[in-house]
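Structure, as structure tokens:
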Amino acid sequence: MVDVMHGVPEPRPAAETEDVELYHPHSWITKYVFSQDAKVIAIQYSLTALAIGLVALVLSWLMRLQLGFPGLVSFIDPERYYQLITMHGMIMVIYLLTALFLGGFGNYLIPLMLGARDMVFPYVNMLSYWIYLLAVLVLVSGFLVPGGAAGAGWTLYPPQAILANTPGQQWGIIVLLVSLILFIIGFTMGGLNYVVTVLQGRARGMTLMRMPLTIWGIFTATVMALLAFPALFVAAVMMLLDRLLGTSFFMPAIIAMGEPLAYKGGSPILFQHLFWFFGHPEVYIVALPAFGIVSDLISTHARKNIFGYRMMVWALIAIGALSFVVWAHHMYVSGMYPAFGFFFATTTLIIAIPTAIKVYNWVLTLWQGDIHLTVPMLFALGFIVTFVNGGLTGLFLGNVVVDVPLSDTMFVVAHFHMVMGVAPILVIFGAIYHWYPKVTGRMLHDGLGKLHFWVTFLGAYAIFFPMHYIGLMGVPRRYHEIGGIALVPPSAATLNEFITVAALIVGTAQLVFLFNLVWSLGHGQPAGGNPWRATTLEWQTPHTPPAHGNWGETLPVVYRWPYDYSVPGAAEDFLPQNQPPVPRTG
Amino acid sequence: MGVALIFIVIVAAFSGWWLSRQRLTAKPWLEVGVIGDAPEPASPMTAKLGLGTFLVVASSLFALLVSAYAMRMSVADWRALRMPTVLWFSTGLLILASIALHMAVIAARSDEPGPLRSSLLAAGVCSLAFLSTQALAWRELANSGHFTASNPASAFFYLVTAIHGAHVLGGLAALCRTSVKAFATPKNLVPTIPRELTLSVELCAIYWHFLLLVWLVLFSLLMRWTDDFIEICRGLLT
Amino acid sequence: MGVAIVLALVVIGSVVFHFLSPWWWTPIASNWGYIDDTMIITFWITGAVFTAVVLFMAYCVFRFRHREGRRAAYEPENKRLEWWLAIGTGIGVAAMLAPGLVVWHRFVTVPKDATVAEIVGQQWQWAYRLPGADGHIGATDIALVTADNPLGIDPKDPRGQDDIVIQGDQLHLQLGKPVKLLLRSLDVVHDFYVPEFRAKMDMIPGTVTYYWLTPTRAGTFEALCSELCSTGHTFMRGGVVVEPESQYRDWLQQQKTFAQLQSPARTQAKNQE
């Protein structure tokens, strides 16, 4: 046992706690534009990510229109269709989900939840955002360059990605690779901040085991991202050289359209290994912050401590570590050495165990809780449904031999949209409804929020659940129409139309959300400092929205873990982390 | 991917060791009260931790490059290259730069501004010379007809030296700032070397030792001294 | 209350959809019924877990929803329960993994009596090669690919002379006879996927990959390309005809060998000299 100091320590004099190097903005530009305040950077990250996410949403509409009603939108030929899917995938996985969870929520929540004044390297943190913005702009420029955006599929498999008859081969692929390289550089700058702030920036009394699971999730995901993104960096640089200088890293000798090319000897499989060495951890880079955030949402709104906190932490760490030894389950049908199949199927299915434990603990937190069905809680429940569904179909695809017929079919598309598309995005929405009052001082409109939730949750489920069955029939993914396939019955076209209509409705519901974001800024109910009666530190700031430096005169001191809800004997049903214990008498 | 896996295992082992000292089995709901003291966000430790984390990221990058190199090497069209002899010279220069920075750290810690300035200068000159020598090696290879596209071995040679060189260049920017600070500090201050400057010098030194270590690994890879090791790694996986 | 009902309806709806869905896998035409069996096991286990978790959640939402004066229980953890759940999950996972690995072992172990057939992918068409009387297919090199020798068969390799080359037609396979399909690509990654066979493998340019199967049902099956290969991907179709031995022999007789295909080219070349 360690020494736990009972009673309240002397507050340190302000001069000592006041960080001498804390950055102070002097003008409007340094306060809101080139700001080094993590909160401002977080909002910049989030708005940029949401904006580019809207682009991806429109792209998905277009491709769904083509699938549901082939030929309805005349300008979508196969070439355009592949550009749509490529950009949609890239944007969603990297520029929206990764950036929003780590750059957005990470920046906002890490200092506030840990009781720090700011990130430890604010200047680098600011650079991180601006490089991210540059990466986004370079990415968007792909739509404008001659030949259009890259259309090689988001996995960018060579040789196809850089061959002459691939859409966007002219400039699109170059722009995309440069944008990825920029993103990784920018992310690394931010990531160093998140990791070191968690290690060094915690308030007094905030031991690792007193960190909210949100922070555990973001921290683990950042560590993974820092280790995994270099793989994408290497792959992108090498592919860029193959494209621009004619090297043969990934390009074997091939005959393209009857003409032999100058490439020889390169290994397309090498690219796949590098890509998935990044790509699989990436799934968990998106999932772990969602796991963390949803744990806190459930606990707060069920007024109950998260069930099995220690197991939750261990499971996060186990998932993080295991996710580095499962990458080749994306390559079961790539013709790699067959014995790998045994290893990677085993590791992949083992990772299901810690993941399942997390699910059990979420639902067990609900057991005997005092469940307030607020909008964030609804989104958390929606997350559990979609995540369990998508996670379980992962057991089909992870089990090597079952993957053989299903790989590269619509089943895969349905699976990963459910598990790393819909599920994390529901968490993002829940988190926005949860923390918006802290960021702006006002509540989001409750009725609009519920409308947004029900349409999004049920609609998204209606899109992706039936889609599994189209894949089960054997319809491959990345077909811009499925009409001509012999084995596809006409009824599948009806199902596709249904899915498209659902997708259009779900997309439209996001406009309600955007309206709510803007409207509530001026008209939302004033929230007060702690509208959800939550325990974690970000709700205990002296100002709402938190002022520069977060904590006013003195830094908070942490006396307890973040889940002291409904503690027997306590007057209130929550005890903030910085609430001193009642001095023992006698 | 054997090398990358070994790297990940090392990182995992280190993280596991570190986590095992963080009381992850504590029952936090039973402990009410203040535990321990707060880490100091502005302490030199923070900066070193930041650099250390970056070095882990950079190591991951180089481990993956080496992995790619090893995998590509096993394809039949790989023809080993005769490496330019000037690489020996550049290796020597980088070692000298590393030593100079080590001297700079000693000088900074013992408050001797004169030796500090000359060591920093020496390190800078050696590093610039290292980069020029690498450029010479590029030219030598190009003159003998090995361009980027002509051979996978030469393509990898250009790639790894360029990425390593970019890291040296980034380091030089930091070294420049440190040197400017060192030369700007008036000699009559007490203590002569401010704490922040000592820290900057230490960070530069750590980074250069890392650059040297990486270069030695890459150098032995390019010189094909590690072929047996790579063969063993490959054997482990297949 | 409403929330709990909707959650329950999601489960019920999913289960009903699963059983009533007219969209289901195609009737199998190969020996890989094992894969279907493994998938059925997986469906049962995962379906049970999904149903149990979401219904439990719906019950909790119904039973423990906020009412005036309600206070949640305080239970930081329950070691026993957590371990039991973890062990139960482990057993479930093992129940899916074990048959999966057994079947995978069969999948990667080609029977000794398997015949050989080669499938070559190229944007956006399939070509096939069958061994001639010698039972072997000859060496190939992509550098040898010309209009007259579209598969790049080495003319110096005697084993290649009697190889049967099929272009612009369907591949015929013999019913009930195991066949090892060698997969080659001339340009990008393709994947020869006959959903009725269940088995597939990518064809990677620069290497030869393979899988094997025994066709168990006569008929004509459509082959789809199952790995994005640029704009023609959707239309890259092939066909496989599975037929009994006698019909297969008849068909084989009519096909041209590599040597026969080369001879007109050679005569033409001679005439030009």
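The values are calculated or read from the model by the stated rules, or taken from the named source; none is laboratory data. Note that this is a predicted model, so its numbers are computed, not measured. Note that each Cβ is placed from the backbone with ideal geometry, even for glycine, and that neighbours are counted across all protein chains shown. These accessible areas exclude ligands, DNA and RNA; they are computed on the full protein's heavy atoms, side chains included. Shrake-Rupley method; radii C 1.70, N 1.55, O 1.52, S 1.80 Å.
Observations on the structure shown:
- Spacing of the modelled spin labels on B:Ile106 and B:Lys48, each 7 Å from Cα toward Cβ, amounts to 1.9 nm.
- Residues along the stretch A:238-261 losing 50 Å² or more of accessible surface when the other protein chains are present rather than the chain by itself (probe 1.4 Å): A:Phe249, A:Ile255, A:Met257
- Charge context of B:Val86, other residues only, Cβ under 10 angstrom, K/R +1, D/E -1: 0
- Placing a pseudo-label 7 Å from each Cα along the Cα-to-Cβ vector at A:Glu259 and B:Ile10 gives an inter-label distance of 4.6 nm.
- Interface residues in the stretch A:455-492 - accessible area drops by 40 Å² or more relative to the isolated chain, probe 1.4 Å: A:Tyr461, A:Phe465, A:Tyr469, A:Leu472, A:Met473, A:Arg478, A:Tyr479, A:Leu487
- Only beta bridges with both residues in the stretch C:115-272 are counted; by DSSP, about 70 percent of them are antiparallel.
- Nearest 10 degrees, 0 to 90: helix A:490-523 Cα axis against chain A principal axis: 30
- Summed buried accessible surface, chains A and C, 1.4 Å probe, nearest 100 Å²: 8900
- Theoretical FRET efficiency, 1/(1+(r/R0)^6), r = Cβ-Cβ of B:Arg195 and A:Leu451, R0 51 Å, to 0.05: 0.30
- Taking every residue in B:48-57 and counting other chain Cβ atoms within 10 Å of its Cβ, the average works out to 6.
- Net charge of the neighbourhood of C:Gln170, taken over other residues with C-beta under 11 Å away and scored Lys/Arg +1, Asp/Glu -1, is -2.
- Net charge of Cβ neighbours under 14 Å - reference C:Trp212; Lys, Arg +1; Asp, Glu -1: +4
- With all protein chains modelled, accessible area of B:Trp18 [1.4 Å, Å²]: 70
- Chain A, accessible surface, carbon-and-sulfur percent (1.4 angstrom probe): 69
- The charge dipole of the protein assembly as shown, taken about its Cα centre with unit charges on the Cβ of Lys, Arg, Asp and Glu (plus for the first two, minus for the last two), comes to roughly 1460 debye.
- Taking label points 7 Å from Cα along the Cα-to-Cβ direction, C:His105 and A:Ala486 give a separation of 3.6 nm.
- Chains A and B, summed buried accessible surface - 1.4 Å probe, Å², nearest 100: 5300
- Average beta-carbon neighbours from other chains, 10 Å sphere, peptide C:120-130: 1
- Per residue of peptide A:91-97, the mean number of Cβ atoms on other chains within 10 Å of the residue Cβ is 0.
- For the stretch A:490-555, alpha-carbon Rg relative to the globular expectation (2.2 N^0.38 Å, N residues): 1.95
- Nearest-0.05 FRET efficiency for A:Leu134 and B:Trp88, computed from C-beta distance (R0 51 Å): 0.80
- Cα-based shape type of the protein assembly as shown, given that a ≥ b ≥ c are square roots of the gyration tensor eigenvalues and the cut on a/c is 1.5: oblate
- Mean ellipticity per residue at 222 nm, deg cm²/dmol - from DSSP H runs of n ≥ 4 across the protein assembly as shown, formula -39500 (n - 2.57): -19500 deg cm²/dmol
- Stretch gain in nm, segment C:Glu68-C:Ser21, where the contour uses 0.36 nm per residue and the Cα spacing is subtracted: 12.5 nm
- Rounded accessible area per residue of the protein assembly as shown, 1.4 Å, Å²: 37
- Cross-link reach is defined here as a Cα-Cα straight distance under 12 Å, omitting same-chain residues fewer than 8 places apart; for A:Lys304 the aspartates and glutamates meeting it are A:Asp296, A:Asp370, A:Asp564, A:Asp573, C:Glu75, C:Glu77.
- Whole-percent carbon and sulfur share, accessible surface of the stretch C:115-272, 1.4 Å: 50
- Rg over Rh for chain A works out to 0.98, using Cα positions for both radii and the Kirkwood form for Rh.
- Förster radius 45 Å - calculated FRET efficiency between B:Cys176 and A:Val518 (Cβ-Cβ, nearest 0.05): 0.45
- Cα gyration tensor shape of the stretch B:2-237, rounded if a/c is under 1.5, else prolate or oblate by comparing a/b with b/c: oblate
- Put a plus charge on the Cβ of each Lys and Arg, a minus charge on the Cβ of each Asp and Glu, and nothing anywhere else: the dipole of the stretch C:115-272 about its Cα centre is then about 140 debye.
- Accessible carbon and sulfur surface of chain B relative to its total accessible area, %, 1.4 Å: 69
- Candidates B:Leu30, B:Leu87, B:Leu203: whichever shows maximal mean-square fluctuation once chain B is modelled as a Gaussian network with Cα springs under 10 Å: B:Leu30
- On Cα atoms only, tilt of C:245-254 relative to the major axis of chain C in degrees: 50
- Cα gyration tensor category, rounded, prolate or oblate, for the stretch A:371-446 with a/c compared to 1.5: prolate
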